[in-house]
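To start, I am sharing the structure in question, which I have written as structure tokens.
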């Protein structure tokens, strides 16, 4: 039951993130249409990568992983898991936190270069 609730929470978080991204994309498109109608200029040639994967919602982002870590942390603090389950959940959380820390360090190193 707890795993199912956790799954529902993850699904909800991912769904909300998709809606936010779709909203941002729609705003950008609307903004681009307004700019295009107010200041007509020669269009620039824009290359689009042919091998870019379609955003079908099956991609997990770093933000999704951070949200998962936050949900796991909150669920453990609130006692959502039994004593026999906390060890396994903690192990997954530790791996996830270590991965996120490594990604953050790599991003900082890339920004400094």
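Read the figures in this text as sums done on the coordinates, not as results from a lab. This one's a predicted model, so the numbers in the text were calculated from it and none came from an experiment. Ideal geometry is used to build each Cβ from the backbone, glycine not excepted, and the neighbour counts take in all protein chains shown.
Could you give the length gained on full extension between residue 95 and residue 61, defined as 0.36 nm per residue of separation minus the Cα-Cα distance, in nm?
Values: separation 34, 0.36 × 34 = 12.24 nm, distance 1.61 nm.
So the chain would gain 10.6 nm between residue 95 and residue 61.
Separation between the residue 86 and residue 107 pseudo-spin-labels, each 7 Å from Cα along Cα→Cβ, expressed in nm?
In this crude label model, residue 86 to residue 107 measures out at 3.1 nm.
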